[in-house]
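Everything on this sheet refers to the single structure shown next.
FYI, it's all coordinate maths here, none of it is from the lab. Note that this is a predicted model, so its numbers are computed, not measured. Note that each Cβ is placed from the backbone with ideal geometry, even for glycine, and that neighbours are counted across all protein chains shown.
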Amino acid sequence: MTVKLNRRSYEHARALIENRRVVLDDGDDWSEHRPSVRRENEFLDEHGFEEYQKWFLGIDDEAGENRKARYRFSCGDFENVDRCGVLSAESRAGQCGHLDIEHAAAHLHGMLDMARAG
């Protein structure tokens, strides 16, 4: 499995943060905040994989293009970038040795903390 940074998702998240489309929560339990499987499927049905992939910082290039398994490290709820999603992506990417994704998530984390401060 080769997972690499999804540059398109990273740029999408940066733009959303710059436009203040964010959830600046204190929590770090992304499992409670992330979209449900049902919500993911609804989003896919409505928008397709082209839009779906914008919400995942990692791409597994060994998985098929039109498969949910291709996209890793979600960072938002299909409307906003969620701080706890970014924190989760940063942590999990680091644990798995995906340094490019970890660094991108760390940058988004910093942007979110700056938005939070002021």
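Neighbouring Cβ atoms within 10 Å as the yardstick, rank Phe43, Phe73 fewest first. By the 10 Å Cβ count, ascending: Phe43, Phe73.
For the chain, adding -39500 (n - 2.57) for each run of n ≥ 4 DSSP H residues and dividing by the number of residues yields -17500 deg cm²/dmol at 222 nm. Once backbone amide H atoms are built at 1.01 Å from N, Asp25 has Arg83, Cys84 as its partners under 5 Å, excluding neighbours fewer than 5 places away on the same chain. Rounded to 0.05, the FRET efficiency of the Glu65 and Asp26 pair, given R0 = 25 Å and the Cβ-Cβ distance, is 0.10. Working note: Debye formula, equal point scatterers on the alpha-carbon atoms of the chain, no solvent; log10 I(q)/I(0) at q = 0.16, 0.21, 0.24 Å⁻¹ is -0.68, -1.19, -1.51. Among DSSP beta bridges whose residues both lie in the chain, state the antiparallel percentage, nearest 5. Antiparallel: roughly 80 percent of the beta bridges in the chain.
Note on the chain: GNM, Cα springs under 10 Å; of Asp25, Asp82, Asp45, the largest mean-square fluctuation is that of Asp45.
The trypsin sites (Lys or Arg not before Pro) found in region 67-101 that occupy coil by DSSP, while having at most 14 further C-beta atoms within 10 Å, are Arg67. Listed peptides 57-64, 100-107, 15-22 appear in the order 100-107, 57-64, 15-22 once ranked by packing, highest mean of other Cβ atoms within 10 Å at the front. Farthest towards the positive end of the charge dipole of the chain, among the residues His103, Asn19, Gln53, is the Cα of His103, using unit charges on the Cβ of Lys, Arg, Asp and Glu. Extending 7 Å from the Cα toward the beta-carbon at both Arg7 and Glu50 defines two label points whose distance is 1.9 nm.
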